[in-house]
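Structure, as structure tokens:
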């Protein structure tokens, strides 16, 4: 039987790791499905550790949701992407790859609601001025009423709505959570699992927000970091460089190479006891099959493809597993880019659109990130985000209609003034967000149970593990997946999420100083 031969992880060399089998020692072959943050981080570390790596990316680009591309003489991302992390290993890798080619950006983010702009995180004077005394009193009364109800023993945090209302009050929920969340997920907030709130706003409370706004708080919530690091060539630069390093180490990165399924070798073994002969089955990955039918051998497979597609690619999947898969859905993203005349439209890097009368949920202003991505252009590129399912009319709507809608909506905000929209461009992203519909955890758990016996398979990343990961969490899962192969570690990759605790230290958006 084959076994892995390892050496000290601190002294990586092309000879490590290797498999010993009947033909003698050879490098471990690893197929990585997907070239997003999780997949490229895994491939980068595997190649550096001496594995024979092949990456298979369905699209024409590396970077996944974090890729960058050129448009109208400028560089843009797929919406807003910033880097900060609570994990020193992720920090070291990111800054090792980026080197000095980044700039620190002072974050400015606001919420657009009822023709007013609220700073996010909250600033007391701005929030009170925008709300007015009457609305502020309503929010306070709603908050206190909910606290009294909770203190009397009422509870029920199984939905996103109940979780948020219980901590902020119903009025603040309606103002700052409901509309945006329902745009993003396409379901009512009482159908959305509380996990989304627990992961994204777990440590945040109204009292803490007020103390922070008054400068009295020493704590900061991870999503409220005031400064972040940004590559001078756009977020996608990180993953292009990782791909280059994989190639330099002898690995291969294939684009336009969608994977149809993971190939497995099933063997039935028999154990003879004094009374009977007991059969048992082992399942081990042996490679991947691409959409064009070609096959590539592999000893290990690291998959970031959508979890649903991974399972559906196997033969003889139990009916209850298929039913669980059918209950797991992904939300699509439509990005409408507008080429706008002028450079000083508004100061934010991005805005959250909480007004229900506008279909867009988020607006990114690429002029306000780093000057290098704007080139010599004297104009601004904005990106308006819309979210939908496959069956929604917007997903198949013609580009010109989407661009026209974005033009009308951005003008309704008053952000453009008299500036002209010169052109538009549409990008559609299929399966961009895993939907945390209530009950989803049971379905994921059943899928996990089905995949667990498959030796050599790791499912990671936002799509692959069905977790709404940030960029740094996806990188972390890639690092840990590589350690499992290269160093023989036993990281439980399913346990790493946006609220991971065992790997969390203090958030950082700058290189962490190493001391002897």
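The values are calculated or read from the model by the stated rules, or taken from the named source; none is laboratory data. Because the structure is predicted, anything quoted here is derived from the model rather than measured. Cβ atoms come from the backbone with ideal geometry, glycine included; neighbour counts cover every protein chain shown.
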Original post:
Would a scan of segment 466-484 turn up a residue that is modelled with pLDDT of 95 or more, buried (at least 20 other Cβ atoms within 10 Å of the Cβ) and out of contact with any helix residue (DSSP H, G or I) (no Cβ under 9 Å at 6 or more places or on another chain)?
Top reply: no
Original post:
So residue 83 fits all but one of (1) on the phi > 0 side of the Ramachandran plot; (2) in contact (Cβ under 8 Å) with a residue 60 or more places away in the chain; what number is the exception?
Top reply: (1)
**OP:** Sort out which residues of segment 88-115 are touching a residue at least 12 places away in the same chain (Cβ under 8 Å) and assigned to a loop (DSSP other than H, G, I, E, B), and write them in order of number.
**Re:** 101, 107, 108, 114, 115
**OP:** For segment 369-392, enumerate the residues that are crowded, with 21+ Cβ neighbours inside 10 Å and under 19 Å from residue 103 (Cβ atoms).
**Re:** 369, 373, 380, 381
Subject >> Breaking point among (1) crowded, with 18+ Cβ neighbours inside 10 Å; (2) more than 30 Å from residue 298 (Cβ to Cβ), for residue 412 >> reply: (1)
Original post:
How many residues, within segment 410-455, are touching a helix residue (DSSP H, G or I) at 6+ places or on another chain (Cβ under 9 Å), closer than 21 Å to residue 76 by Cβ and not in a strand (DSSP E or B)?
Top reply: 1
**OP:** May I ask you to verify whether residue 178 is outside any loop (DSSP other than H, G, I, E, B), under 30 Å from residue 327 (Cβ atoms) and modelled with pLDDT of 90 or more?
**Re:** yes
